[in-house]
1. Scan the stretch A:199-211 and tell me whether some residue there is open to solvent by 60 Å² or more (accessible area, probe 1.4 Å), touching a helix residue (DSSP H, G or I) at 6+ places or on another chain (Cβ under 7 Å) and not acidic (Asp, Glu).
2. Every residue in the stretch A:285-303 that is surrounded by 15 or more Cβ atoms within 10 Å (Cβ to Cβ) and outside any loop (DSSP other than H, G, I, E, B), please.
3. In the stretch B:101-115, how many are touching a Gly at 6+ places or on another chain (Cβ under 9 Å) and within 14 Å of chain A (Cβ to nearest Cβ)?
4. For A:GLY111, are the conditions met, namely being facing chain B (nearest Cβ under 8 Å), out of contact with any Pro (no Cβ under 6 Å at 6 or more places or on another chain) and of a type in the set (Gly, Ala, Ser)?
5. When you go through B:GLY123, B:GLY159, B:GLY148 one by one, which is the residue that is within 27 Å of A:ALA272 (Cβ to Cβ), without any contact (Cβ under 8 Å) to a residue 60 or more places away in the chain and over 21 Å from the mean Cα position of the chain (by Cα)?
6. State whether one or more residues within the stretch A:124-143 are touching a residue at least 12 places away in the same chain (Cβ under 8 Å) and more than 30 Å from B:PHE217 (Cα to Cα).
7. Could you check the stretch A:168-196 and list, in sequence order, the residues that are of a type outside the set (Lys, Arg), out of contact with any strand residue (DSSP E or B) (no Cβ under 7 Å at 6 or more places or on another chain) and touching a residue at least 12 places away in the same chain (Cβ under 8 Å)?
8. Output yes when any residue across the stretch B:145-165 is on the phi > 0 side of the Ramachandran plot, facing another protein chain (nearest Cβ under 9 Å), not basic (Lys, Arg) and not in a strand (DSSP E or B), and no when none is.
Amino acid sequence: MSVLVYTESEDGKFKKGALEVASYAKGVADAMGTSLTAISFNTEDTSELGKYGVDKVLSVSNDKLNNFNASAYADAIKQAVQKESSKVVVLSQSANGKYIAPLVAVQLEAGYVSNVTDLPESTSPFQVKRTAFTNKAFKFTEITTDIKVLGLSKNAFGLKESEGAASSEAFEPQFSEEDFKIQVESVDKAKDKVTIADAEVVVSGGRGLKGPENWGMIEEMADILGAATACSKPVSDMGWRPHSEHVGQTGKPVASNLYIAVGISGAIQHLAGINAAKTKVVINNDPEAPFFKAADYGVVGDAFEIVPKLNEKLKEFKEKNA
Amino acid sequence: MKILVCISHVPDTTSKINFTDGDSKFDTNGVQFVINPNDEFGLTRAMWFKEKQGASVDVINVGGAETEPTLRKALAIGADSAIRIDTTPTDGFQVAKELAKVAGEGNYDLIICGRESIDYNGGMVPGMLAGLLKANFINTCIALEVEGDKATATREIDGGKETLIASLPLVIGGQKGLVEESDLKIPNMRGIMQARKKPLNVMEPAGAETATKAVKFEKPAPKGSVKMIDADNLDELIDLLHNEAKVI
């Protein structure tokens with residue numbers, strides 16, 4: 001028996017989400033009194049995982065998997081579970097993690113709980129806390145199947161270092177032709193840009209910015225803070241910013257440490273999307289904007305005056321604290 | 001092309017969320033229900049296939065009789081027929097199994113689901129349905145074209161997008177981007193009248209088992225009040241973010 005964690009990597013390096021999900025899975029393994037095995041794909045040096053509680057890494061090396069492939073990855077995870085007699089599988093709620101988790105669950109006839117925020121309340125019966133209603137509530141769920149699949153919400157648990165080293169073992173799962181039926185035609189990925197899902201800080205703009213030509217100051221603030229840029233729904237609907245930046249109930253959820261909202265009034269659907277952000281700053285010229293009720297810090301005033309001033313001050317602060 | 005669109009009946013996005021029966025059940029009192037927004041983008045894309053490529057479009061839902069107005073709305077938007085699997089599900093795996101039975105028997109070329117419903121946000125039904133049907137699956141779809149038995153789909157990935165080619169039958173988890181918000185259809189009077197005559201078949205459930213059960217719900221703890229900072233004193237904001245919140 002063990003806990004198995006899928007550790008996501010990019011260009012041969014583990015993503016921060018992989019280390020977080022390993023940290024969490026170590027907590028689950030400890031609660032169950034068992035060991036933690038990771039499965040990694042095309043990652044040469046897996047030793048880093050030992051620092052986050054992984055005892056053993058099943059290292060898959062296969063050129064056919066250079067592009068992410070949900071079906072093949074799910075197949076490999078299933079075989080790893082069978083090899084290790086794992087009772088719990090943990091994945092990150094990244095786009096790829098969300099893609100494969102239900103496929104893994106079906107293959108293993110396992111109950112799957114997504115958006116998990118905390119370690120299990122109990123492991124027998126197996127109960128976990130997750131978000132529901134787009135962060136407007138929590139749901140405590142019991143998984144009744146023998147094998148359990150958990151999707152950990154981003155930034156919900158953080159990184160926790162452990163003592164120990166991870167051994168590495170080459171793992172060669174068997175793939176079928178069916179696994180390679182979907183072909184990748186192209187991948188269009190912004191390099192050197194922080195994504196909303198991974199960001200510690202998100203800077204977001206709304207209709208109050210009056211037009212896409214005014215986004216320079218938002219991007220500047222994001223540059224200074226190493227943040228991702230985001231926007232409200234009307235802004236993406238009007239085509240000022242891409243859909244991928246839309247934060248809210250039908251857009252992306254944000255779970256960053258800091259969320260700065262500029263010129264966003266705070267519709268209920270937007271607030272649902274940012275509930276999981278830890279600290280919220282709102283800059284708006286309307287003192288009655290509902291967003292102030294959800295904020296930790298608020299500044300009332302004209303964004304076109306405040307944001308450039310704030311950017312200068314943040315730059316000075318960053319230079320001093322570099 | 002034969003298309004099935006899976007429709008979830010969810011509280012309107014502006015709904016206040018409350019619980020009843022000792023915080024064990026969602027309180028539907030005074031709540032307006034709508035087509036799940038992610039499903040609505042998919043339904044509209046299906047209508048495009050119907051209009052441009054002559055596809056037939058069925059919609060399906062797993063739920064009690066109270067979900068029928070939502071299915072009727074989908075018919076009013078233009079779906080040809082509706083299926084309601086008559087059970088109140090408590091788990092995504094159960095929904096996927098119930099859908100798989102009907103979908104498998106219907107020999108659909110394309111099954112469109114929303115990437116998740118906006119109530120329980122499980123995000124599991126599309127993938128589980130594909131897995132159960134052993135069909136190709138593409139999640140978080142933001143564009144979809146079909147020619148013959150070949151589909152080209154673009155999906156959102158962290159930090160970008162990826163375009164994939166898959167043969168039919170295909171299940172997708174769709175979202176905003178499949179069509180623009182401005183393209184969403186509002187049923188007109190003619191559509192509403194026609195919807196009354198379109199078939200809505202109620203089917204007995206297969207009795208699929210659940211894999212999870214809800215223990216209880218809880219609302220987030222109330223938030224402390226906002227600290228207002230004078231627009232002329234932005235140094236204070238930086239100081240608070242650094243020393244109090246410790247986020248910069």
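1. Step one: filter the stretch A:199-211 for residues open to solvent by 60 Å² or more (accessible area, probe 1.4 Å), giving A:200, A:207, A:210.
Then keep just the ones that are touching a helix residue (DSSP H, G or I) at 6+ places or on another chain (Cβ under 7 Å); that gives A:207.
After this cut, where a residue has to be not acidic (Asp, Glu) as well, the list is A:207.
Scanning the stretch A:199-211, I find at least one residue that is open to solvent by 60 Å² or more (accessible area, probe 1.4 Å), touching a helix residue (DSSP H, G or I) at 6+ places or on another chain (Cβ under 7 Å) and not acidic (Asp, Glu), so the answer is yes.
2. Quick first cut of the stretch A:285-303, residues surrounded by 15 or more Cβ atoms within 10 Å (Cβ to Cβ) only: A:285, A:289-292, A:294-301, A:303.
Once the filter is applied, which keeps residues that are surrounded by 15 or more Cβ atoms within 10 Å (Cβ to Cβ) and outside any loop (DSSP other than H, G, I, E, B), the stretch A:285-303 yields A:PHE291, A:PHE292, A:ALA294, A:TYR297, A:GLY298, A:VAL299, A:VAL300, A:ALA303.
3. Of all residues in the stretch B:101-115, those touching a Gly at 6+ places or on another chain (Cβ under 9 Å) come to B:112-115.
Filter once more, so that each one left must be within 14 Å of chain A (Cβ to nearest Cβ): B:113-115.
The number of residues fulfilling the criteria is 3.
4. yes
5. Working: B:GLY123 fails: over 21 Å from the mean Cα position of the chain (by Cα); B:GLY148 fails: within 27 Å of A:ALA272 (Cβ to Cβ).
Residue meeting the stated conditions: B:GLY159.
6. Looking for residues that are touching a residue at least 12 places away in the same chain (Cβ under 8 Å) and more than 30 Å from B:PHE217 (Cα to Cα), one finds none in the stretch A:124-143, hence no.
7. Here is the first cut: in the stretch A:168-196, the ones of a type outside the set (Lys, Arg) are A:168-180, A:182-188, A:190, A:192, A:194-196.
Now drop any that are not out of contact with any strand residue (DSSP E or B) (no Cβ under 7 Å at 6 or more places or on another chain), which leaves A:172, A:174-180, A:192.
Correct list: A:GLU172, A:GLN174, A:PHE175, A:SER176, A:GLU178, A:ASP179, A:PHE180.
8. Within the stretch B:145-165, one or more residues are on the phi > 0 side of the Ramachandran plot, facing another protein chain (nearest Cβ under 9 Å), not basic (Lys, Arg) and not in a strand (DSSP E or B).
The values are calculated or read from the model by the stated rules, or taken from the named source; none is laboratory data. These numbers were taken from a predicted model, which means no experiment stands behind them. Heads up, the Cβs are rebuilt from the backbone with ideal geometry, glycines too, and the neighbour counts pull from every protein chain shown. Calculation scope for accessible area: heavy atoms of the full protein, side chains included, ligands and nucleic acids excluded. Shrake-Rupley method; radii C 1.70, N 1.55, O 1.52, S 1.80 Å.
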